[in-house]
Every structure is written in C-alpha cells, then in structure tokens.
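One structure is given below, encoded as structure tokens.
The values are calculated or read from the model by the stated rules, or taken from the named source; none is laboratory data. Quantities reported herein were computed from a predicted structural model and do not represent experimental measurements. All Cβ positions, glycine included, derive from the backbone under ideal geometry; neighbour counts span all protein chains shown. The accessibility values were calculated without ligands, DNA or RNA, using every heavy atom of the protein model including side chains. Shrake-Rupley method; radii C 1.70, N 1.55, O 1.52, S 1.80 Å.
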Amino acid sequence: DLEIGRLAADTNPEAYPHEEKDLKSLLNAHKSWTNSKQADEILKRWPACMSEFVRVFPKDFKAAVQAAIDRGEHTPIGSMREYLPSQEALNDHSSKQRIRKQPKVRRSSFEDDSVPVSMDIEDVALFQKTTKGNRPQKIEDAKLVATSNRGFLEVDRGDLPKRGVEERVSDFKEILAKKDEVAVQTQASRCMDCGTPFCHQSVTDKSGCPLGNLIPEWNDLVRKGAWFDAFKRLMATNNFPEFTGRVCPAPCEGACTLGIIDDPVAIKSVELSIIDKAYEMGWMVPSPPKVRTDKRIVIVGSGPCGLAAADQLNKMGHRVTVLERADRIGGLMMYGVPNMKTDKMDVVQRRVDIMKREGITFVTGPAGRVAESMEAHIEGTNMGPRASQLLEEYDAVLLAVGATVARDMQSVPGRDLSGIHLAMDYLTHNTKALLDGGDVSNKWRRWWGAKKNGMDPKTLDAKDKKVIVIGGGDTGNDCIGTAVRQGAKAVVNLELMGKPPKQRAPHNPWPHWPMVFKVDYGHEEAANQCNNDQDIRHYGALTKEFLDDGHGNVKGIKMVNVRWEKIDGQMRMMEQPGSEKIIEADLILLALGFLGPENPLAAAFGVDMDERGNYKALYQKSEGDFQTSNPKVFAAGDCRRGQSLVVWAIKEGRDAATAVNSYLTNEYPA
Ligand SMILES: Cc1cc2nc3c(=O)[nH]c(=O)nc-3n(C[C@H](O)[C@H](O)[C@H](O)COP(=O)(O)OP(=O)(O)OC[C@H]3O[C@@H](n4cnc5c(N)ncnc54)[C@H](O)[C@@H]3O)c2cc1C
Ligand code: SF4
C-alpha cells in the first residue's frame, strides 16, 4: 500500500540534502551508458523538471515516521518528515496515486507447507529485531545451506575471524585466522537475491562496488559449494580480488539491500574466501595470451591501477612494460598497506610472479624510475628513461603514479624537530626492513633493520616510545598497528574532525557508504595493549605546537579541542577556550592524507594538471576517457582521481586499458 509524493526543485530537505545532486548524477550516468535521449531531454530542463520525479512511500513507513515525529524524536527516521508528501500534494490527484497489493507469502522448501514462513518486508523487519543476535552464524550441514532458501531469516552476519590481539601483535603476519569453508557458505546464503542489487554497481560513485562485481551470482554459487564457478565469475570483473578481499572498505556492504533492516551480507569475506580457495586449489595459474600484437605500451607506476591496466592490456595481446621506481612491485599494496593487512610475499609478490609468467615485463629500482626532469637525468639521480624516450619507443604511455605528495603540517611551530615523520616514510621503512630481513613471524626483530636502507632503524622504531599518530584514517590506523607491533609504550591518535555517529546520520542514507564510528584492527590492538582497553582516539583535536625537549627532539604536542559548527551553510571550526593540553611523545607520525601526484612528471610528458592538482584526463564514462592533453599519454588511478581506494584504482586501471586499446586499434581518432 503506497503513497507517492512529488519532488520539488526548491526543497532542501534536512533529511537528504544531496538529493538533487544524486538524482542528477544518476541521470548523467544513465545518459552516458545508454545514450538515452530521454535522459538528455530531462537534463536540459534540469532542475525545473525535478517536480516530475516522485518519491514512493510505503504507508507503514509513513506511519512510522509520523509516530517518531509525534514522540518528538530527532532520529534519522524522525527527520524523514521532510520527505513526506504534503496534504495538499495528496489532495492533488495529479500528484497522488495509491497502489494496493496483496502481501506475498513465500514458503520454505523444507518447512511444513501449512505454516506461512515468509513475510512482508515490514514483518521481516520486526522479525529481525527480535531474533538478531540469536541466530547462528554457521549452519554445520553444507547440504542444508545449499538447499535452504531462508537465508538471512535464519543466519546472523559473521565476518572472517581474526587472530586474537595478543597473538597477532607479536608478529607481522596477516591478522585473519584460518577460514571455515562451511561458515563462509552459510554467510553467502544470507544473500537472497533481492532482485535489484545495489551492492554490485556504483552508479553515483558513492555506493556499491565500483568494479561491478557480480555479487549475488557468486554468493549463490558459494552457497551451493560451486567454488570454481564462483571464482570464474569473480575474475570476470576484478583483476585482484586477493587485494580487495583484504583491504577494501566494502562500499558494496554499505549498499546491500539487507542492510536496510538487518546487518548486510558479509560480501568481502565471501570474495576473499573465493580467491584464497582458488589459490589453494591451484586454479590461479599463468594464462598468457595466445596471440601477440605488435603494440608496445609502457605503464609508469605499479600500484593496483598500473597492475590492473597491465593485466588487461596483456590479456589483449599487447606488449606491456611496467616501470616502478621502488625496489618492489605493488605501489601502496607493497609499501603502504602493512604486511598484517596484506602479506607482501604470499599475496602481492605471488600475483606479480604470475603476471611475469604471463609475459609482462617489470623494471624496478633506479632503472624503473622515470626521470621527472632533464636535470634529474643528467645529474644521475635518476637512471631510468626520460619521458621523451618513452614517448618515442612506445605506442602509448599510461601514467599510474599515485598521489604521492603527502599533506604536511609545515605551518605548525616545531614541525622541524627530530622525531616527527610522515606516515608513509614510517610505514615504508618498516615494511622494507621486514622484507629485507625476510621474517614476518614473531622472530621478526632478529632480522629487522639489519640492512639500514639509508635510515637509522632506531629513528623510525616505536619500541618503548610514546607515539602520537595525527590523522584518523586508514593510514593512521596502519601506523597505530605498526607501532603496537614494534612495542610502543603508549599510542594516542588525534583526529581534527568530530567523532562520527554510531548510526547513519540523516544526510548519509542507505545505499551510500555509511560514515559511522568504526573500530579497526589497530584501534583494537592499541586499546588492548597500551590503554587498558580504552579507545586511544581523541576527536576534535587541533595541534597548536610541537614541543622541543631543548635538544632539538620532539617531546610532545600542545593541542586544543575544537567544535565544528555549521555557519552560513559552511562547517566552521571553533576552538574551545580553556581546553588546551599537552600530550607527551617522542615519536609523532603525520597521517593527514595526500595532496596529489608529483607535478614535474606531468610537465615532462606534456600533461596538464586539473584545478585540484591531479593529472588532467577525460573522465565521462565514455570514449576517450583517461586521455590527457598529450594524446599518446593516459592517466588513471590516484594520480588522476586524487587519493582514493584500491578498488577504484583497479577500476580505473581496467577502464584505462580499454581506452588505450581503442586508441591503439584506431577505434577513436588520436
Ligand atoms: C598507508 C595506506 C593505507 C591504505 N589502506 C587502504 C585500504 O585499506 N583500502 C583501500 O582501498 N585503500 C587503501 N589505501 C589507498 C590505496 O592504497 C590507493 O588508493 C591505491 O594504492 C592507489 O593505487 P594507484 O595504482 O593509483 O597508485 P599507488 O598505489 O600509489 O602506486 C603508484 C606507484 O607509482 C610509482 N611511481 C611514482 N612516480 C614514479 C616514477 N617517476 N617512476 C616510476 N614509478 C613511479 C610509485 O613508486 C608507486 O609504486 C591506503 C593508502 C595508504 C597510503
Ligand atoms: S571489491 Fe570492494 S566493493 Fe567490490 S565486492 Fe569486493 S569488497 Fe565489495
């Protein structure tokens, strides 16, 4: 039983302030993918034609919102009042329709037929509320899992188990424990093929899987134990599920339809289990192309974007060379994301070895470093090729060099004191020292730092130190986890923004990525090991000064609490008088994000920069995408879109490969 209310161009509902923008980006996406004339017409009349769109309200939902308003609740559901069609709108027959349907009852295949076991969505919500937390996470009998069609009704969400904190902080091995196959099948069975899966698409770039992973399909195959078929479906859209299954924040789960009434399906856990099983079973083997073309492509940068593009172009039969200035291939998947999140040898290098055997050439170290400038080349600081050489020798160039310029705190007094480091220097040094030592087990320290790598290991060792990590994102969390493993005495994490809410805020509705409070592995470990199980994070914390111990070393910071207030439509930071305090530290790590790629390389290739300081390239989800101001040069990944995620880097690498192929095969003019 539904009511339909019209959207109006001039409303600005509290509940969903981005509505107009989202709707417009959906239309733009539809137009670019389908060439729809209708979408084009609508966009020409935008935003006046917003009133031709309708919101659809189940009547029960309307009643629930009204009840929340009557109770005076300022909850997300209470603020949905902005959505409700006004009485005038309902009286106006042109804007009102009523749809009545008989509730559907679906029977389970293994339950008594006389009992109605499936319910309306509203009843399901009620049912979930009463039983959530009481359902098992695993059904022992795999046959029952394969034949049951009761899915989430009978099973609670369960993620892949992690090793206990005490055990895992003693080494740098992956934090995940051994997987239980039937438990994963049970979890996959929670997906009941909702019909319009928001999880597997990213129409507005803000929800669902950017890769278009065929999630409901492989969930169903895993449920039935058809692991090989699931593996094939997974590889059809994702070059590196062994990366995303470990590090992706899983926007798919934020968009899972089940997430509206219950915990979403544990999609990422299923994805990782499929690919890890494929390796175990020996299904991941080199598969070089049968035919080679004479086209030569050079890819600069070997992060997930460069690797995905290399994999795709190699499969098309082109001759691919990847240049990487670091001593190991993988970009931030090698030096950035720490070993406990993704094993460097057993996961990243394992895949690079397969790609080598498929015919891709990798050049690392000084020989793989593309000269940023003629001066660098002449001075000998750079032994790799110059841009002009690459442009001459190859048919196309793809820049996938990442967003490597870190945000710093140069304007804060005391920044030059000894003991303050950029997060990436710290993380890279630790991983390199581990890999050079060759041991990530609990005996890692015996070999760690044996090779000096140009840095004194002690300066970047958190052992017995008081550590402050500034920045509350993924990088900050990885610094925390690393510092705990190195034996830090205390770890504090400071974040400038306020503490996120426990549940979605009204302006952050499903299916968008939920911006809610989370506890990642590093936070859990630091609380447990260094802070009597209390969270180590301080929100709304502004650094005023780094303090000197009198010998040029940092001894702590002076900070002040801030509040964020919306003034004239803009969020403004207000310092709280009297909240100044000092926190002691002898190692401070700056994990403040990245500003963009390195500029000189773009200049060397004749590539324009965009207004945000990234490499400028077309990006309209259509022909010619990723091409820069130099037609022979393409740019993709973090260097084009700005600091982002592994899943987006893979997506851009795949799409850039398609664009390069079209360019090489003259499918569109140079
Ligand atoms: C510490 C950290 C943790 C992260 N954790 C996560 C996470 O958990 N989940 C997630 O989804 N994302 C995470 N990210 C983000 C993610 O790693 C990036 O979005 C992704 O790696 C970008 O891929 P890319 O291929 O575009 O660039 P990168 O991975 O940055 O690779 C670029 C490569 O280009 C090379 N290069 C640069 N200049 C040259 C040159 N002149 N010559 C030759 N080579 C060059 C660099 O050495 C580098 O190896 C994290 C980032 C950091 C820093
Ligand atoms: S790649 Fe990320 S978003 Fe896509 S299915 Fe895997 S976890 Fe979800």
ask   = Nearest 0.05, what FRET efficiency do residue 489 and residue 567 give at R0 = 51 Å with Cβ-Cβ as r?
value = 0.80
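Would segment 596-658 count as rounded, prolate or oblate if I go by the C-alpha gyration tensor, calling it rounded below 1.5 in a/c and otherwise prolate when a/b exceeds b/c, oblate otherwise?
Numbers: a/c = 1.85, a/b = 1.20, b/c = 1.54.
Because a/c hits 1.5 or more and a/b fails to exceed b/c, segment 596-658 counts as oblate.
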ask   = Taking the mean number of other Cβ atoms within 10 Å as a proxy for protection, how do you rank 412-425, 386-399, 329-342 from highest to lowest?
value = 329-342, 386-399, 412-425
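What is the percent carbon and sulfur in the accessible area of segment 130-281, measuring with a 1.4 Å probe over the protein chains and ignoring ligands?
Working: 3100 of 5860 Å².
Answer for segment 130-281: carbon and sulfur cover 53 percent of the accessible area.
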message = Give the separation of the Cα centroids, segment 152-228 to segment 583-637, in Å.
response = 32 Å
query = Packing-wise, with mean Cβ within 10 Å as the measure, how do 299-311, 347-359 rank, highest first?
reply = 299-311, 347-359
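Could you look at segment 551-644 and say what percent of its accessible area is carbon and sulfur, using a 1.4 Å probe and all protein chains?
Numbers: 2210 of 4770 Å².
That fraction is 46 percent.
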message = I want to check a number: in segment 149-278, how many lysine pairs have alpha carbons closer than 26 Å, given a sequence separation of 8 or more or different chains?
response = 23
key: Hull-based mean projected area of segment 316-454, where the convex hull spans the alpha carbons, in square nanometres   = 11.3 nm²
query = On average, how much accessible surface per residue is there in the chain, in Å², for a 1.4 Å probe, leaving out ligands, DNA and RNA?
reply = 48 Å²
Cα gyration tensor category, rounded, prolate or oblate, for the chain with a/c compared to 1.5 = rounded
message = So for the chain, averaging the separation of alpha carbon pairs under 8 Å that are six or more residues apart and normalising by length, what relative contact order in percent results?
response = 13 percent
ask   = So, in segment 516-670, how many Lys pairs have Cα atoms under 13 Å apart, if the pair is 8 or more places apart or on different chains?
value = 4
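If you put +1 on each Lys and Arg Cβ and -1 on each Asp and Glu Cβ, how big is the dipole of the chain around its Cα centre, in Debye rounded to 20?
800 debye
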message = Using helices alone, I'd like the mean residue ellipticity at 222 nm for the chain: each DSSP H run of four-plus residues gives -39500 (n - 2.57), total over residue count, nearest 500.
response = -9000 deg cm²/dmol
remark   = The long-range amide H neighbours of residue 553, using H built 1.01 Å from N in the peptide plane and a cut-off of under 5 Å, are 418
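For residue 629 and residue 503 in the same chain, what is the full-extension length gain: residue separation times 0.36 nm, less their Cα-Cα distance, in nm?
Values: separation 126, 0.36 × 126 = 45.36 nm, distance 4.40 nm.
Here the segment from residue 629 to residue 503 would lengthen by 41.0 nm.
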